[in-house]
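The values are calculated or read from the model by the stated rules, or taken from the named source; none is laboratory data. None of the values given here were measured: they were computed from a predicted structure. Cβ sites come from the backbone with ideal geometry, for glycine too, and all protein chains shown count toward neighbours.
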Amino acid sequence: MLTKADNELLVRTGPKTPMGELFRRFWTPITLASEVGGPDSPPVRVRILGEDLVAFRDSHGKVRTASYPAMERGGLIWAFMGPIDLMPEFPAIEAFAVPADHRSITKMIVRGNYAQMQEGDVDSSHVSFLHSRQDGKPIPGGRVDATVFADRQPRWFTAETDYGLMLSAQRDAGDDTFHWRVNQYLMPYAVLIAAPPNTPVLTQVRVPVDDDHTLHFRIWSNADHPLTAAERAVLADGVTVPEIVPGTFSTKEEYENDYLIDRDEQRRASFTGIKSIVAQDLAVTQDQGGYGTIADRSREYLTSSDKAIIALRKRLLTRAKQLMQGTEPPEPRSPGAYSVRPGDFKLPRTVPVAQGAKDLLLATVR
Ligand SMILES: [Fe+2]
């Protein structure tokens, strides 16, 4: 539960708001590089953090925005919207460092405040329920271990890091073994979602368009090889990545059509009866009974399974309050620390997660 004041602090990111000022200390992804054409391209309008910007390529093919520094990196256009003398180096996030054919990006713009969607990204607890099936069919691409559906009460281990948070959910996997899902929160926009080694890394990027809408990039990337035909087939199945209305950034499954819920499927086969994992998440994050599109966290009750969400809020609120007092956030000054991976693995019960998975949790491409 948050006070009304802290809830306001968390969700408002427009110009001159404390959280908006914090976000403006980081490079902000604003649009797909492919939306901005060749040299002297027509400008692309984007709304980000409650400000209206235009992005275009100049005669030399360089990306510009009116009126902030901009660059192209990893298939996206990024702007720095903060004080120019505080412009940081670009963070070493692996998904944006790999070659273009190692990566697939889906862009969506959805109704709803960024914070409740990011809370869903960091949370491993809901996977046991929301994304589960009664018919035992696995999540496509071998991305979720069966343990996650067997033990629905994970224990959380949260650690503060130089880039943000390492969020580890521990589940039972036999007498001597724990199963671990490690999500990484990279301040302030990205969450790396736990998945087994040798599957593409899912990088979830959430950027406030304004307080009521969120820009969502769902990014799949491999460090050491281009996406294979089999991996691309998984991305085209309508489950892993939702269907998008052609010519838009809107999902076909949406609030107004009840996410195309199939009640028979819900009775027989899957927990939600909703086809795509993204829409399953939207169904529980878009409308959280607050004021319109924004959750009212002063009316909720959290439990131990919500520890990752609590850690996320605490980190953001702490940094925003420190900045109000004149202390700059340290994370933009640690770009190399962002070179991490999520994880999904089993370890002997006696081995601490950070130690047992040390190599797995480091990125190799920077
Ligand atoms: Fe989810």
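Do we have residue 149 as over 30 Å from residue 11 (Cα atoms), assigned by TED's automatic domain parsing to the domain that holds residue 312 and within 16 Å of the ligand (Cβ to nearest atom) here?
On the way: over 30 Å from residue 11 (Cα atoms): yes; assigned by TED's automatic domain parsing to the domain that holds residue 312: yes; within 16 Å of the ligand (Cβ to nearest atom): yes.
Considered against the rule, which asks whether it is over 30 Å from residue 11 (Cα atoms), assigned by TED's automatic domain parsing to the domain that holds residue 312 and within 16 Å of the ligand (Cβ to nearest atom), residue 149 comes out as yes.
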Exercise for the section: For the range 60-83, indicate whether the set of residues that are surrounded by fewer than 21 Cβ atoms within 10 Å (Cβ to Cβ), assigned by TED's automatic domain parsing to the domain that holds residue 173 and more than 16 Å from the ligand (Cβ to nearest atom) is non-empty. Expected result: no
Problem - Filter pass, residue 143 being within 14 Å of the ligand (Cβ to nearest atom) and under 20 Å from the mean Cα position of the chain (by Cα) - result: yes
Handout entry: Answer from 146, 150 - the residue that is among the aliphatic types (A, V, I, L, M), within 30 Å of residue 269 (Cα to Cα), out of contact with any strand residue (DSSP E or B) (no Cβ under 8 Å at 6 or more places or on another chain) and at pLDDT below 95
Key = 146
Handout entry: Elements of type helices (runs of 4 or more DSSP H) contained in the range 277-366, each with 1 or more residues being under 20 Å from the mean Cα position of the chain (by Cα) and of a type outside the set (D, E, K, R)
Key = 277-285, 307-324
Exercise for the section: Using the structure shown, decide if residue 38 is part of a helix (DSSP H, G or I) and either modelled with pLDDT under 95 or in contact with a Ser or Thr (Cβ under 9 Å, 6 or more places away or on another chain) (or both). Expected result: no
Exercise for the section: Restricting attention to the range 187-200, report how many residues are surrounded by 22 or more Cβ atoms within 10 Å (Cβ to Cβ) and either part of a helix (DSSP H, G or I) or not small (Gly, Ala, Ser) (or both). Expected result: 6
Practice task
Run down 162, 212, 224, 176 and say which single residue is surrounded by fewer than 21 Cβ atoms within 10 Å (Cβ to Cβ), in contact (Cβ under 8 Å) with a residue 60 or more places away in the chain and closer than 28 Å to residue 52 by Cα.
Solution key: 212
